[in-house]
Amino acid sequence: MSLLQLIGITAVKILIIFTMMMLTVSYLVYFERKISAWAQNRLGPNRVGWYGLLQPFADVFKLALKEDIVPTNANKPIHTLAPVIALFVAFTTYAVIPFGPDISLFGITIPLVVADVNIGILYVLALSSLGVYAITLAGWSSGSKYSLLGGIRSSAQMISYEVSMGFSVAGVLLFAGSLRPAAIVLSQHGWMWNALLQPIGFITFVVSAFAETNRLPFDLPEAEPELVGGFHTEYSSMKFAGFFLAEYANMIIASALIVTLYLGGWQVPYIESIGLPAGLVIAIQIISFFAKIAFLLFFFIWVRWSIPRFRYDQLMSLGWKVMFPLSLINIVWVAGLIMIFRL
Amino acid sequence: MIEQYIPVFLVIAFAIVFAVLVVFSSKLLGPQRPTPEKLSTYESGMKPVGSTHERVSVKYYLVAMLFIIFDLEVIFVYPWAVKFRILYNEIGTSVFVSMLIFLIVLELGYLYVYKKGGFKWE
């Protein structure tokens, strides 16, 4: 594959994934509002378009046409930089997540992942921890007390859960023996899903993912009864939309990561052995990847309406006193499985 | 080798351009009619009191220090985890035992912080 071909193919992949991501974010907001409405026995958005299906577009246009307010107390350059960082993180992390097996088109083998790098997991961890800066800087630079409290709380929360997230991923690496996401997916062939082999690591990773994306029950940075809007109190129009978009994009990335690391990625157990045509198998595998993500996204919203918000001290003790020791136990458990059963 | 990373650089460039476009689009599309009241800090309709650039509770600083200590250990575990199966087949259980000793030392530090009340928030 020549350099020009590589750049061309990559550009096409970026555009496809990016468009899908933006559409999913829009409709994730819509479905979140719809499912919330069903959970609370109301109707939800139903005025713009059929069943309110055009609502996300109406919201984006409305926000884009609003005035961009930078308060006089704010530190202007950092106040502008913070949403840029949030969006940057949200739109770079997806690059290493494989959404299907290798396909060959016109004699070229194309891996269905934007960047097939062998340090994929480190890339994801490094970029997603940059997300802390966006929220902390937004809170600090706004010059408002609500923002500051939201920003500080959030940075403490995110770094606390990052430790147990890192240790849970070590369990996956033990089985896969590689940092390449594609190799991690292939190591979970058949029913060897990491979620089944290391349930403790799966649970600690999912809980940490909820905390990292600031979703309920861990959404203390923007707990509205006490902090108004939290770190984005002083943001308006597209800067606010930027944070909003980044939050939902991070939810999708977190779901994609959970699927890749623990739920077998794009693999459907034993589908190759049924004897379907190769093209159909690949199509089913790609669809199964997105179906798994869709289920996890529904799970995010489901949890939101099932579990009340934690108090701050409960949140920190859950992170340090429960999740951290559990993720260490998981490493010993996985190493033990490998040694005893030679998996 | 380096050509693996070309897509990564493309994604990063694309993300920067897109993020800057989104953030500045409302400057172009939206109206600009600032008034002193609109630009004042939001404080539930009251006049803002005091400054925000004051001292922050030392608890948060402690969390940051604990994070650095324990997150560094993660980086020590990763190379071991990636090579574990190969090393186990070559030299046997000592690969596991050495990491176990490392984790026990880490746990001793953790228990010390626990006893000292480092994880307490009131």
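Where a number appears in this text, it was derived from the coordinates with a stated rule and is not lab data. None of the values given here were measured: they were computed from a predicted structure. Cβ placement follows ideal geometry from the backbone for every residue including glycine, while neighbour counts extend to all protein chains displayed.
Segment A:Thr109..A:Phe61, full-extension length gain: 13.3 nm, with 0.36 nm per residue of separation and the alpha-carbon distance subtracted.
Each principal axis of the Cα atoms in region A:135-235 has its own extent, and those three values, largest first, are 52, 23, 19 angstrom.
So how many Å³ per residue does the convex hull of the Cα atoms of region A:78-164 work out to?
100 Å³
Compute the Kirkwood hydrodynamic radius of the protein assembly as shown, taking the inverse of the mean of 1/r over all pairs of distinct Cα atoms, and give it in Å to one decimal. Before the final figure, lay out the partial values.
Working: mean 1/r = 0.0423 Å⁻¹.
Taking every pair of different Cα atoms in the protein assembly as shown, averaging 1/r and inverting gives 23.7 Å.
Would you mind classifying chain B by shape? Square roots of the alpha carbon gyration tensor eigenvalues, ordered a ≥ b ≥ c; an a/c under 1.5 is rounded, otherwise it is prolate if a/b is larger than b/c and oblate if not. Oblate shape, in that a/c is at least 1.5 and b/c is the bigger or equal ratio. Distance from the Cα centroid of region A:114-131 to that of region A:267-322 is 19 Å (rounded to whole angstrom). Spin-label pair B:Ser98-A:Val281: with each label point 7 Å from Cα along the Cα-Cβ axis, the two points sit 4.0 nm from one another.
From other protein chains only, count the Cβ atoms within 10 Å of every residue's Cβ in A:181-194, then give the mean. Each step should come with its number before you reach the end.
Details: counts 0, 0, 0, 0, 0, 0, 0, 0, 0, 0, 0, 0, 0, 0.
For this peptide, the per-residue mean of nearby foreign Cβ atoms is 0.
Take the alpha carbon gyration tensor of region A:213-343, find the square roots of its eigenvalues, order them as a ≥ b ≥ c, and report rounded if a/c is under 1.5; if not, report prolate when a/b exceeds b/c, else oblate. Oblate, since a/c reaches 1.5 and b/c is not below a/b. Relative intensity of region A:1-105 on a log10 scale, I(q)/I(0) at q = 0.17 Å⁻¹, equals -1.04, per a Debye sum over C-alpha point scatterers of equal strength in the absence of solvent. Under a 5 Å amide H cut-off, with hydrogens placed 1.01 Å from N, A:Ile103 pairs with A:Ile110, A:Leu112 among residues at least 5 apart or on other chains. The residue list A:Ser288, A:Pro181, A:Ile16 was ranked by how far each Cα lies along the charge dipole of chain A toward its positive end, using unit charges on Cβ atoms, and A:Ser288 comes out on top. Checked against a 27 Å cut-off, the cross-linked pairs A:Lys145/B:Lys59; A:Lys292/B:Lys83; A:Lys34/B:Lys47 give Cα-Cα distances beyond that limit for A:Lys292/B:Lys83; A:Lys34/B:Lys47. Quick check: Cα centre of region A:1-78 to Cα centre of region A:145-189, how many Å? Comparing the Cα centres of region A:1-78 and region A:145-189, I get a distance of 25 Å.
Which helices of chain A meet both criteria: a Cα extent of 27 Å or more along the helical axis and a mean Kyte-Doolittle score no lower than 1.0, with helices taken as whole DSSP H segments? Intermediate values should be presented prior to the final figure.
Values: long enough: A:3-39 (51 Å, 1.41); A:120-141 (32 Å, 1.55); A:145-176 (46 Å, 0.85); A:237-262 (37 Å, 1.31); A:278-304 (40 Å, 2.10).
In chain A, the long hydrophobic H runs are A:3-39, A:120-141, A:237-262, A:278-304.
In whole Å, what three semi-axes, largest first, describe the equivalent ellipsoid of region A:70-341 built from its Cα gyration tensor (square root of 5 times each eigenvalue)? Don't skip to the answer; put the middle values down first.
Details: eigenvalues 245, 98, 47 Å².
Equivalent ellipsoid semi-axes, largest first: 35, 22, 15 Å.
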